[in-house]
1. Can you find a residue in the stretch 88-99 that is touching a Cys at 6+ places or on another chain (Cβ under 9 Å), surrounded by 18 or more Cβ atoms within 10 Å (Cβ to Cβ) and within 29 Å of P344 (Cβ to Cβ)?
2. Enumerate the pairs (first residue in the stretch 39-53 and over 20 Å from A24 (Cα atoms); second residue anywhere and among the aromatic types (F, W, Y) and not in a helix (DSSP H, G or I)) with beta-carbon separation below 8 Å, excluding pairs fewer than 6 apart on the same chain, so at least 6 apart or on different chains.
3. Say whether the condition of being at pLDDT below 95, more than 27 Å from Y137 (Cα to Cα) and among the hydroxyl-bearing types (S, T, Y) is met by at least one residue in the stretch 177-184.
4. Using the structure shown, decide if G159 is at pLDDT below 95 and farther than 29 Å from G396 by Cα.
5. Name every residue in the stretch 185-216 that is in contact with a strand residue (DSSP E or B) (Cβ under 9 Å, 6 or more places away or on another chain) and aliphatic (A, V, I, L, M), in order of residue number.
6. Would a scan of the stretch 295-306 turn up a residue that is closer than 30 Å to I151 by Cα and open to solvent by less than 10 Å² (accessible area, probe 1.4 Å)?
7. Are any of the residues in the stretch 333-348 among the small types (G, A, S) and open to solvent by 30 Å² or more (accessible area, probe 1.4 Å)?
8. Search the stretch 335-374 for residues being outside any loop (DSSP other than H, G, I, E, B) and of a type in the set (F, W, Y), and hand back the single one that is nearest to ligand 1 (Cβ to nearest atom).
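The values are calculated or read from the model by the stated rules, or taken from the named source; none is laboratory data. Please read these numbers as outputs of a predicted model, since none were measured by experiment. Quick reminder, even Gly has a Cβ in these numbers, built from the backbone with ideal geometry, and neighbours come from all protein chains shown. Ligands, DNA and RNA are stripped out before the accessible areas are found, and what is left, the full protein with its side chains, is counted by its heavy atoms. Shrake-Rupley method; radii C 1.70, N 1.55, O 1.52, S 1.80 Å.
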Amino acid sequence: MKITDVKVIVCGPARNFVTLKIVADGIYGLGDATLNGRELSVASYLTDHVVPLLIGRDARRIEDIWQYLYKGAYWRRGPVTMSAIAAVDTALWDLKAKSLNVPLYQLLGGASRDAVMVYGHASGADVEDTVKAVAHYVELGYKAIRAQSGIPGLTSTYGVGRGGMFYEPAEKKAPPENSWSTEHYMTFIPKLFERLRKEFGPEVHLLHDAHHRLTPIEAARVGKSLESYHLFWLEDPTPAELQESFRLIRQHTTTPLAVGEIFNTIFDCQQLIEEQLIDYIRTTVVHAGGISHLRKIANLAEMYQVRTGSHGATDLSPVCMAAALHFDLSVHNFGVQEYMRHAPETDAVFPHAYYFENGFMHPGEKPGLGVDIDEALAAKYPYDRAYLPVNRKLDGTMHNW
Ligand code: GCO
Ligand code: MG
């Protein structure tokens, strides 16, 4: 089953995406290679360096091709390399499942559950606005809802959308500037969750993303202050380059912790998992080396009772969403899947079999990933450079976004 053609497709239907298409025996597989705000570097990594190496190779040797690209580059890890490898890996899994005429999850051990619980994003300018947004998700049948709110005294903050069912932080031309005050945030956040529990009761799973903004001891205090509202998880409380910093948070709070959307390999989360410093690992198919590598991370996590909770924002294309759902359905230690809906333009370019029903999702029964790309339509939406925001403290100091 020799690879005869490989194509890198860059398009911008409502937002930018990079997609890899690998052809062998007249069948093709798709992989997502989108790295928000730095898309073209992955496109170049693939076009200029990886595509020439794939032509003529046996498409069935997925693990060997993974190792060839990872070890063969000499320069290991990092988001650009690992997104490129992920795209190849995903496309090869898609191709193999299509060639065998089965939905991908059947090759990954079959379904471990009937469907996959997902969480949606509710956000508002203030507490009451956020209450309304959560109510909307409850009406739609969601069992798990992430709540973010504007903070009094701050002009803008992470996670407060520009309306609708999707949240798009990247902006054209230049990075938008957000402002931050940990003091304002720490005073405000318990009030938000007190109000949400009062309104919605104890059953619904509530999640929250601190988006890397706190120091470990601040994160410990936030976790402690939210304990009586029993969050499903507190996400990215502190930047995780220093994995041991989670020990400090863990000593002080029983609020469950989730980390991993910007991780690229198992080495980024090894200590967090082995020391049981987190409860959910949020690595994604596209940014952490594809389905093959994500399964290795999940297998390590399973030993330590850490569950998966893959990132699923709009900058992960429907190809990645489909791959995530096959992974989620099959892996034993699945926790929850993030599901931020795509814009209608994105859905039209990437027709897909996956569906949402009553708070759960399923990848569908089509062979492979069950997602396609309409290349003619994609060509009508050219790439348009966009940047993620930056974040400054009130005195102007650069902070984590
Ligand atoms: C999330 C994430 C996203 C990221 C975005 C960056 O939990 O969904 O934090 O909102 O900020 O994916 O590209
Ligand atoms: Mg996040």
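1. There is at least one residue in the stretch 88-99 that is touching a Cys at 6+ places or on another chain (Cβ under 9 Å), surrounded by 18 or more Cβ atoms within 10 Å (Cβ to Cβ) and within 29 Å of P344 (Cβ to Cβ).
2. If the second residue must be among the aromatic types (F, W, Y) and not in a helix (DSSP H, G or I), the pairs left are E39/F17; E39/Y383; L40/Y383.
3. Our first condition is that a residue be at pLDDT below 95; within the stretch 177-184, this holds for 177-179.
Applying the additional criterion that residues be more than 27 Å from Y137 (Cα to Cα) yields 177, 179.
With among the hydroxyl-bearing types (S, T, Y) added as a condition, the list becomes 179.
Looking for residues that are at pLDDT below 95, more than 27 Å from Y137 (Cα to Cα) and among the hydroxyl-bearing types (S, T, Y), one finds at least one in the stretch 177-184, hence yes.
4. So G159 fails the test.
5. I189, L192, L196, V204, L206, L207, A210
6. no
7. Our first condition is that a residue be among the small types (G, A, S); within the stretch 333-348, this holds for 335, 343, 348.
Going one step further and asking which of them are open to solvent by 30 Å² or more (accessible area, probe 1.4 Å), we end up with 348.
Among the residues of the stretch 333-348, at least one is among the small types (G, A, S) and open to solvent by 30 Å² or more (accessible area, probe 1.4 Å), which makes the answer yes.
8. Applying the first criterion (outside any loop (DSSP other than H, G, I, E, B)) to the stretch 335-374 yields 337-338, 344-349, 352, 355-357, 360-362, 368, 371.
Remaining after also requiring of a type in the set (F, W, Y): 355-356, 360.
Numbers: Y355: 21, F356: 17, F360: 19 Å.
Across the stretch 335-374, the extreme among qualifying residues is F356.
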